[in-house]
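Down below is the structure, laid out as C-alpha cells.
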Amino acid sequence: MLEISDSEIRPLCLEHNIWTWSAQSHVDPIPVKKAKGVYFWDVDGKRYLDLNSMVMCVNIGHGDERVIEAICSQARELCFAGPKMATTPRAMLGKMLNEITPPGIDHFLYTMGGADANENAVKLARAYTGRHTILTFFRSYHGATGGAIALTGDPRRLPWSTSSMPGVVHFLNPYRYRSTFHQHNPDISEEQFNEDYLNHLEEVIMYEGKDRIAAILMEPVVGTNGIIIPPKGYLQGVRALCDKYGILMIADEVMTGFGRTGKWFAVEHWNTAPDMITMAKGITSGYVPLGCVGVKHEIAAAFNEKPFVSGLTYNGHPLSTAAAVATINVMREDKLVERSAEMGKILARMLSELKEKHPSVGDVRSIGLFGVIELVRDRKTREPMAPWNGSSPEMKAIEKFISDQGVFLYVHWHTILLIPPLIITEEQLREGMDVIDRALEISDKGYTG
C-alpha cells in the first residue's frame with residue numbers, strides 16, 4: 001500500500017489534480033487531516049470551525065460514529081449491488097423518505113449527487129408531460145453537469161451555454177433587497193411585491209408557450225446566490241400557476257433539505273407540495289455520495305408500462321443508501337430538525353446585531369441555519385462590496401482574515417454565507433460570529449455611504 005507523509009499531501013494533490021472552479025496555478029487547498037463535530041484540522045494541527053458544513057452538506061456534523069459504523073457494516077455484508085437489485089438499505093431508505101418528504105411523494109430514483117438528480121428530474125418531467133421547456137430562476141445553481149449547468153441561472157453556466165442542454169428559460173427571482181421592479185418603490189407591501197413577481201412568471205409562461213412548458217424547477221430558498229427567501233405566498237402562487245397550466249413543480253432541495261431551514265424540507269415552511277423534489281448533500285451528510293429524485297405516485301405510475309429511458313451504474317448503491325438510512329436515524333434521534341429551527345433564532349439575532357453595528361452590512365437574511373451577510377459600499381444605493389460575478393480587495397481580505405483566524409466559510413461575490421452543521425452550539429456559533437465581527441471592520445473601511 002502506498003503511504004505518504006502529511007507534508008506530501010498538499011504538493012502531491014497540486015501536482016496531479018484538476019481543481020474545479022479554479023485557475024489551476026492559483027489553487028491553495030487546505031490539507032485536511034481529520035474532522036469531528038463542527039471542526040476540522042489541517043496537517044499542521046490548525047483547527048477550523050466549519051461554518052459551511054464543508055460544501056453545505058455535513059448537516060449532522062463530522063465523524064458521527066453511528067453513520068460511520070453503518071457504512072462499515074454494510075461494506076462488510078454487501079459492498080455493491082447493481083441498479084436492478086433489491087437490497088435492505090434501498091428498501092429501508094424508500095420507506096423512510098416516504099415518511100419525511102412532502103405529501104404525495106412516494107417513489108424515489110437514486111443518483112450520485114444533486115446535479116444528476118436535477119438532470120433526471122428534467123428527464124422525468126419531459127417524458128411524463130411530453131413537453132420540453134424548463135423554467136428556472138436567473139439567480140440559481142443546480143449543478144455543473146451539462147444539463148444541470150443549463151438549468152443554472154447564474155454566470156457559472158455562461159462558459160458552457162453553447163454546449164449544454166437546450167430548452168431552459170430563466171426568469172427573475174423575487175429578491176426583495178435587489179428587486180428589479182421596485183428599485184424606486186422599496187416600501188411596497190409584501191402582498192403587492194409577491195403579486196408582481198408571480199405576474200412576471202405568468203408572463204414568461206405566456207411568452208414561452210403555456211402548452212410547451214414541462215416544469216418549473218426552483219430552489220425554494222435560493223442557496224449560493226444569496227439565501228433568497230421567497231415572500232409569503234410566492235411558492236403557493238407558483239404551485240397555483242403550475243396547476244393552472246399543467247406544469248410540474250420541481251423543488252431543488254439539494255441544499256435546503258434535511259433540516260437546513262428548520263424543517264425536513266424548505267417547502268414545508270409554505271405548506272407547498274411539489275410534484276418532484278431533488279435531494280443530495282444532507283441526505284448522507286456528505287459521508288458518501290448520494291442524490292435522489294422523489295416523485296408523486298402518478299408520475300411514477302406513468303412508467304408502469306413504458307420504460308423510463310435512463311440509467312446510472314450506482315443507482316441505489318448499498319453504501320450510499322445505508323449511509324442515508326443512518327443519517328436520517330441520527331437526525332431523528334438527536335432532533336436535529338428541531339435544533340436547526342431553535343438555533344436559527346439565535347443565528348438571526350446574531351446577524352441582526354452585526355447589521356446594527358457595521359454600516360457595510362446592507363442586509364442579512366436567514367431561515368434555520370441557512371444565513372447570509374450582504375455587504376455594500378453604500379446602504380442608500382445598495383452598491384455591492386464586490387461586482388456581479390467578481391470580487392474586490394475588501395472581500396478577498398475578509399475571506400483571508402476569517403480563514404487565518406481558523407473559521408471556514410464561503411464568500412461569494414459580496415456575500416458571506418453561514419451554513420454550519422446543525423449540531424452547532426450557541427457558544428460555537430458565537431465563536432465564529434466574533435471572528436466575522438472583526439473581519440467586517442475591513443468592509444467598513446471600504447464603505448463610502
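For this structure, a couple of remarks:
- Within segment 383-394, the residues that satisfy the criterion of being touching a His at 6+ places or on another chain (Cβ under 8 Å) and either within 30 Å of Trp264 (Cβ to Cβ) or crowded, with 20+ Cβ neighbours inside 10 Å (or both) are Pro384, Met385, Ala386.
- Scanning segment 396-413 for residues that are without any contact (Cβ under 8 Å) to a residue 40 or more places away in the chain, more than 14 Å from Ala386 (Cβ to Cβ) and hydrophobic (A, V, I, L, M, F, W, C) gives a single hit, Ile402.
- Within segment 167-194, the set of residues being modelled with pLDDT of 95 or more and either closer than 19 Å to Ile247 by Cα or among the hydrophobic types (A, V, I, L, M, F, W, C) (or both) comprises Gly167, Val168, Val169, His170, Phe171, Leu172, Asn173, Phe193.
- Note on segment 100-135: residues that are outside any helix (DSSP H, G or I) and β-branched (Val, Ile, Thr) total 5.
- So Glu219, is it more than 15 Å from the chain's Cα centre (by Cα) and at pLDDT 95 or above: no
- Spans of helices (runs of 4 or more DSSP H) in segment 1-99 with at least 1 residues over 19 Å from Gly286 (Cα atoms) and among the hydroxyl-bearing types (Ser, Thr, Tyr): 6-16
- If you filter segment 347-382 down to residues that are in a helix (DSSP H, G or I) and among the basic types (Lys, Arg), you find that the one that is surrounded by the fewest Cβ atoms within 10 Å (Cβ to Cβ) is Arg349.
- Among the residues here, Thr152 qualifies as polar (S, T, N, Q) and within 30 Å of Arg379 (Cα to Cα).
- Of everything in segment 419-442 that is outside any loop (DSSP other than H, G, I, E, B), over 17 Å from Ser352 (Cβ atoms) and not acidic (Asp, Glu), the residue that is nearest to the chain's Cα centre (by Cα) is Gln428.
- Test: Ile68 is β-branched (Val, Ile, Thr), within 18 Å of Leu319 (Cα to Cα) and out of contact with any Ser or Thr (no Cβ under 9 Å at 6 or more places or on another chain): yes
- Meets criteria (modelled with pLDDT of 95 or more, part of a loop (DSSP other than H, G, I, E, B), touching a helix residue (DSSP H, G or I) at 6+ places or on another chain (Cβ under 9 Å) and not basic (Lys, Arg)) for Ala144: yes
- Cβ separations smaller than 6 Å between residues 6+ apart or across chains give the following pairs from segment 14-25 residues that are over 19 Å from Arg157 (Cβ atoms) to residues that are at pLDDT 95 or above: Trp19/Val27.
- Single residue of segment 5-21 satisfying the filter (of a type in the set (S, T, N, Q) and surrounded by 10 or more Cβ atoms within 10 Å (Cβ to Cβ)) that is nearest to Lys33 (Cα to Cα): Ser7
- Qualifying residue in segment 150-162 (condition: assigned to a helix (DSSP H, G or I), closer than 20 Å to Pro230 by Cβ and in contact with a Lys or Arg (Cβ under 9 Å, 6 or more places away or on another chain)): yes
- All of (1) closer than 24 Å to Tyr39 by Cα; (2) in the same structural domain as Asp50 (by TED's automatic domain parsing); (3) in contact with a Lys or Arg (Cβ under 9 Å, 6 or more places away or on another chain) hold for Asp404 with one exception: (3).
The values are calculated or read from the model by the stated rules, or taken from the named source; none is laboratory data. Model, not experiment: these values are computed from the prediction. Counting neighbours? That spans all protein chains shown, and the Cβs are built from the backbone with ideal geometry, glycine included.
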